[in-house]
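What follows draws every value from the coordinates through simple rules; no lab data is involved. A quick note: this is a predicted structure, and the numbers were derived from the prediction, not measured. Here Cβ is always computed from backbone atoms with ideal geometry, including for glycine, and neighbour counts include all displayed protein chains.
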Amino acid sequence: MEKSTTALLPDGEKARRVYLSLRDQIADGRLGDGDSLPGEQRLAASYGVSRVTVRRALDALADSGLIERRAGSGTKVRSGAEAAKPVAMDFTTLMPQLVEMGQQTTARLLSFSYGPAPEFVARAMHLPNAEQVQIATRVRSAGGTPFSHLTTYVPASIAQNYSEDDLATTPLFKLLERSGVQIDQAHQSVSATLAGPDVADALDVALGSALLSLKRVVRDVEGNGVEYLSGLYRPDMFRLDMPLTRVGQGAARHWEPAIGQQGGAP
């Protein structure tokens, strides 16, 4: 990527609204590579704002590397801004896709340490108070573009079986299995959050960008918590697909998730 997309949102609520709208149109393909944007006057009329407001939004998009502004030729979506394809995960075949993702994407280890499990981790994994855990933060990329910021917590008694170098080169669920862990099930929840300074820098997104937030607790065959994952994902680079099936009869007929294999951790 020629230019980092890490940038502050433009000043002013109206400028941010224009910026986020145009950024979303670029992210989802409504504005494609090389497409020309309307002129400032047309954009101002379209959004009901001043040209000064539009200019601030366009400046932020240019600073983010998403558009090019050239005198005499107008404003265009930057060449290569959409080169990277998003990673898609289907809940019905989650485990095989996690294996494939580990083989086809790259991970960069940002931090690695041991310490007492935070209260929310100990509670979710049913760990004793002050249980020592390994805490590691990684950024995973596809095609050179970062798409996820992952922080994992693993009981020290398990994590001592692999090294920091191992974690930088091998998917975590493989290291867990190599350590003798028999993974049985996982529970995860998905919500949304905003990118703080460190995460925005790591994922090459604007400060305050919307992110998918995924929390996952992985358990072994005895029900013990073996991993807690806190993952933040760029919505333009990652999505979770869930097929639905129409079931039931009469007034009780409804949509039901068609979930197959579950579990594992990136």
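Per-residue extension of 0.36 nm, minus the Cα-Cα distance of Ala192 and Thr170, leaves a gain of 5.2 nm for this segment.
At a 10 angstrom cut-off on C-beta neighbours, averaged per residue, how do the peptides 199-208, 224-233 rank from highest to lowest?
Details: 199-208: 20.3, 224-233: 22.2.
Top of the packing list down: 224-233, 199-208.
May I ask you to compute the full-extension gain from Thr245 to Asn161, defined as 0.36 nm times their residue separation minus their alpha-carbon distance, rounded to one decimal in nm? The partial results should precede the final answer.
Values: separation 84, 0.36 × 84 = 30.24 nm, distance 4.23 nm.
Additional length available on full extension: 26.0 nm.
Expected output is a single nm value to one decimal: the length gained when fully extending between Arg253 and Ser111, i.e. 0.36 nm times separation in residues minus the C-alpha distance. What is it? Gain on stretching Arg253 to Ser111: 46.2 nm.
A simple spin-label model places pseudo-atoms 7 Å from Cα toward Cβ; at Glu177 and Ser46 they are separated by 4.9 nm.
State the Cα centre-to-centre distance between the range 2-72 and the range 191-216 in whole Å. The two parts, judged by their Cα centres, are 20 Å apart. Sequence-ordered 3J(HN,Hα) estimates for the range 131-136 from the Karplus curve with 6.51, -1.76 and 1.60 and θ = phi - 60° stand at 4, 6, 10, 8, 10, 10 Hz, glycine and proline given as x.
By the gyration tensor of its Cα atoms, with a ≥ b ≥ c the square roots of the eigenvalues, what is the shape of the range 160-266: rounded for a/c under 1.5, prolate for a/b over b/c, or oblate? Oblate is the answer for the range 160-266, as a/c is 1.5 or above yet b/c matches or exceeds a/b. Between the beta carbons of Arg30 and Ser213, assuming R0 = 25 Å, the FRET efficiency works out to 0.50 to the nearest 0.05. Compactness ratio for the range 87-257: Cα radius of gyration over 2.2 N^0.38 Å (N = residue count) comes to 1.11. The charge dipole of the range 87-257, taken about its Cα centre with unit charges on the Cβ of Lys, Arg, Asp and Glu (plus for the first two, minus for the last two), comes to roughly 400 debye.
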